[in-house]
Amino acid sequence: MVSRFFKNRRVYLLTSVAYMGSLLFGYDTGVMGSVLALKAFKKDFGLPTDSSGFASSKNAYVSSNVVSLLTAGCFFGAITAAFLNERFGRRYSLMLFSVIFLVGAAIQTASHHAISMIYSGRVIAGLGIGGMSSITPVFVSENCPPRVRGRIAGLFQEFLVIGSTFAYWLDYGVSLHIPVSTKQWRIPVAIQLIPGGVMFIGLWFLKESPRWLMKQGRHTEAAESLAHIRCEAIDHPEVVTELAEIRASIEEELNATEGVTWKECLLPGNRYRFITGFCLMFWQQFSGTNSIGYYAPQIFQTVGVSKSSASLFATGVYGTVKVVTTAIFLIIGIDRFGRKKSLLCGAAWMACMMFIIGAVLHTHPPVIKSDHVSHASIAMVVMIYLYVIGYSASWGPVPWVYLSEIFPTRLRAYGVGMGAATQWLFNFVITKITPQAVNHIGWRTFLMFGIFCCSMGIFALFFIKETKGRSLEDMDILFGNVTAEKRAEDLERTLAVEKKELAHIEETVDDKGRAV
């Protein structure tokens, strides 16, 4: 285990830098959900301070705007990133979007008594986060060895929940230890500038994706990049074989469509992948997790934890449960149980929890502004924690892993971009309607999400193909774009080509593997 980790140390380093974008996603969503519950923020921006949760229609309106505008920016950022990612590569595109995020974060931090500045900062930061969410899964998965790809690519979700949980506890801390003032909400909002800066600086020290380089015809750079990330010599058999597989896959894609990229999307196997990716990210949003994630303090107030500090504490525990469960699942679950089984079990578990929450909330509604937390409210809080355990071991990390691995090299940027844009589009829809739904239909909101979770399970049962342990190039065989026999023939041919080209490269590099 230790030796395998050491061998993949550069993959983990690249993942830690790239997934700062995911951490920012989690932090920015978590921080604003909790900041909106702070009395200091309400006072500075003229919101009612004598109501909790979504009892005030004005608070519900502003909350939905502040949260949903981020996701609106993310939607357009994800779409733009798909094209920039393909044209300029993974690394430079990530640099651009990290700068955009930093500008948006700075505007939010500088806001004072003008909710319009918060709105504009959220949109700009969303453009950056959306772009990162479209690129980082591609960048990481293209550098991961198949055996541990699920675990490493799934760290996208782990970084996300670490970011949101840190934001939850930070907001809880400032609510206790900083007096009600502008500083109380400005400090949590400003801290997001730190990981954004770390990401931008760290990207300067990484290498470009070998698969993107190979697709651009930059074979020497691709070979050097792959050898570097695998911690092997450029002529190592594993490196040579992987390069040959990449070359064979790209050539097959070109031959199938005569070099016209859009035609590839219409091939039966690719069409299935695009539709599956769209549906997977659609259902992830309708599981109800982001309704709780974005508005956790208000949700806990809705089920009976009425005090602001108590709801923030419950929110911090909620985030901590997500972090621990996601980590355990990535270490021992995702590459052992696979993608499909995890999605099926998770959907069933989450549906049960949502139905129980809705039933208890209907039969035992909390007493508004009571200092006493009822047994029914405690039970609902526990159900929310149990719900997120199921989500963190299934529909949290798995869709991002699945999306990043199923598409062919020439379409991966577009496929993941499409999936990320879908996620943000319906994320926007859910975050926009949640405050109004809780305000108007109450317990039926949880019933609605329970029905959605059942539908997710049916989708996974009939349409998800198991990808555990397969290389990225094997996905063409799994989805029927090419037969195993044809791939074996192409691999044998490209392997000979790779050995010949790598022999030529060795003649033109120094003893450290650098081109001369």
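The values are calculated or read from the model by the stated rules, or taken from the named source; none is laboratory data. All values reported here derive from a predicted model rather than from experimental measurement. All Cβ positions, glycine included, derive from the backbone under ideal geometry; neighbour counts span all protein chains shown. Calculation scope for accessible area: heavy atoms of the full protein, side chains included, ligands and nucleic acids excluded. Shrake-Rupley method; radii C 1.70, N 1.55, O 1.52, S 1.80 Å.
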Some residue of the stretch 381-389 being buried (at least 22 other Cβ atoms within 10 Å of the Cβ), aromatic (F, W, Y), modelled with pLDDT of 85 or more and touching a Pro at 6+ places or on another chain (Cβ under 8 Å): no
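From R87, R122, grab the single residue that is surrounded by 22 or more Cβ atoms within 10 Å (Cβ to Cβ) and of a type in the set (D, E, K, R). I'd like the intermediate steps shown before the answer.
Numbers: R87 fails: surrounded by 22 or more Cβ atoms within 10 Å (Cβ to Cβ).
Just one listed residue meets the conditions, R122.
Scanning the stretch 276-294 for residues that are part of a helix (DSSP H, G or I) and among the aromatic types (F, W, Y), which turns out least open to solvent (accessible area, probe 1.4 Å)? Walk me through how you get there before you give the answer.
Of the stretch 276-294, the ones part of a helix (DSSP H, G or I) are 276-285, 289-294.
Next, from what is left, pick out any that are among the aromatic types (F, W, Y): 278, 282-283, 294.
Values: F278: 87, F282: 49, W283: 46, Y294: 3 Å².
That would be Y294.
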Residues that are of a type in the set (S, T, Y) and either open to solvent by 10 Å² or more (accessible area, probe 1.4 Å) or modelled with pLDDT of 80 or more (or both), drawn from the stretch 143-174: S164, T165, Y172
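Can you tell me which of A437, A421, A413, A503 is in a helix (DSSP H, G or I) and surrounded by fewer than 16 Cβ atoms within 10 Å (Cβ to Cβ)?
On the way: A437 fails: surrounded by fewer than 16 Cβ atoms within 10 Å (Cβ to Cβ); A421 fails: surrounded by fewer than 16 Cβ atoms within 10 Å (Cβ to Cβ); A413 fails: surrounded by fewer than 16 Cβ atoms within 10 Å (Cβ to Cβ).
Testing whether each residue is in a helix (DSSP H, G or I) and surrounded by fewer than 16 Cβ atoms within 10 Å (Cβ to Cβ) leaves just A503.
Hey, can you tell me all the residues within the stretch 175-202 that are among the aliphatic types (A, V, I, L, M), in a helix (DSSP H, G or I), at pLDDT 85 or above and surrounded by fewer than 20 Cβ atoms within 10 Å (Cβ to Cβ)?
The answer is I187, A190, L193, I194, V198, I201.
When you scan the stretch 145-159, do you find a residue that is within 30 Å of F41 (Cβ to Cβ), assigned to a helix (DSSP H, G or I) and touching a Leu at 6+ places or on another chain (Cβ under 7 Å), even just one? Break it down into steps so the answer makes sense when it comes.
Start the filter on the stretch 145-159 by keeping residues that are within 30 Å of F41 (Cβ to Cβ), which leaves 156-159.
Next cut, assigned to a helix (DSSP H, G or I) only: 156-159.
Those left that are additionally touching a Leu at 6+ places or on another chain (Cβ under 7 Å): 158-159.
The answer is yes; a qualifying residue exists.
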Checklist (1) modelled with pLDDT of 90 or more; (2) surrounded by fewer than 20 Cβ atoms within 10 Å (Cβ to Cβ); (3) farther than 27 Å from M32 by Cα applied to A347, failing item: (2)
Search result, residues across the stretch 413-424 that are at pLDDT 85 or above and over 15 Å from T289 (Cα atoms): Y414, G415, V416, G417, M418, G419, A420, A421, T422
The stretch 46-66 - residue that is in contact with a Leu (Cβ under 8 Å, 6 or more places away or on another chain) and buried (at least 20 other Cβ atoms within 10 Å of the Cβ) and, of those, modelled with the highest pLDDT: V66
Residue ID - surrounded by the most Cβ atoms within 10 Å (Cβ to Cβ), chosen from residues in the stretch 221-270 that are outside any helix (DSSP H, G or I), modelled with pLDDT of 75 or more and more than 29 Å from the chain's Cα centre (by Cα): I234
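Yes or no: S374 open to solvent by less than 10 Å² (accessible area, probe 1.4 Å) and either free of Cβ contacts under 8 Å to residues at least 12 places away in the same chain or of a type in the set (S, T, N, Q) (or both)? Reasoning before the result, please.
Working: open to solvent by less than 10 Å² (accessible area, probe 1.4 Å): no; either free of Cβ contacts under 8 Å to residues at least 12 places away in the same chain or of a type in the set (S, T, N, Q) (or both): yes.
Considered against the rule, which asks whether it is open to solvent by less than 10 Å² (accessible area, probe 1.4 Å) and either free of Cβ contacts under 8 Å to residues at least 12 places away in the same chain or of a type in the set (S, T, N, Q) (or both), S374 comes out as no.
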Odd one out for R273 among (1) closer than 18 Å to L403 by Cβ; (2) within 18 Å of the chain's Cα centre (by Cα); (3) at pLDDT 90 or above; (4) open to solvent by less than 40 Å² (accessible area, probe 1.4 Å): (2)
Pair list, Cβ < 6 Å and 6+ apart or interchain, from the stretch 214-231 residues that are of a type in the set (A, V, I, L, M) to residues that are open to solvent by 60 Å² or more (accessible area, probe 1.4 Å): I229/R10
Pair list, Cβ < 7 Å and 6+ apart or interchain, from the stretch 320-335 residues that are over 17 Å from G469 (Cβ atoms) and among the hydroxyl-bearing types (S, T, Y) to residues that are in a helix (DSSP H, G or I) and open to solvent by 50 Å² or more (accessible area, probe 1.4 Å): T325/I389
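If you take the residues of the stretch 106-120 that are among the polar types (S, T, N, Q) and at pLDDT 85 or above, which of them is nearest to T182 (Cα to Cα)?
From the stretch 106-120, those among the polar types (S, T, N, Q) are 108-109, 111, 116, 120; that's our starting set.
Applying the additional criterion that residues be at pLDDT 85 or above yields 108-109, 120.
Working: Q108: 13, T109: 11, S120: 19 Å.
Among residues in the stretch 106-120 that are among the polar types (S, T, N, Q) and at pLDDT 85 or above, the one nearest to T182 (Cα to Cα) is T109.
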Count of residues meeting criterion [surrounded by fewer than 16 Cβ atoms within 10 Å (Cβ to Cβ), in a helix (DSSP H, G or I) and modelled with pLDDT under 80] in the stretch 441-485: 1
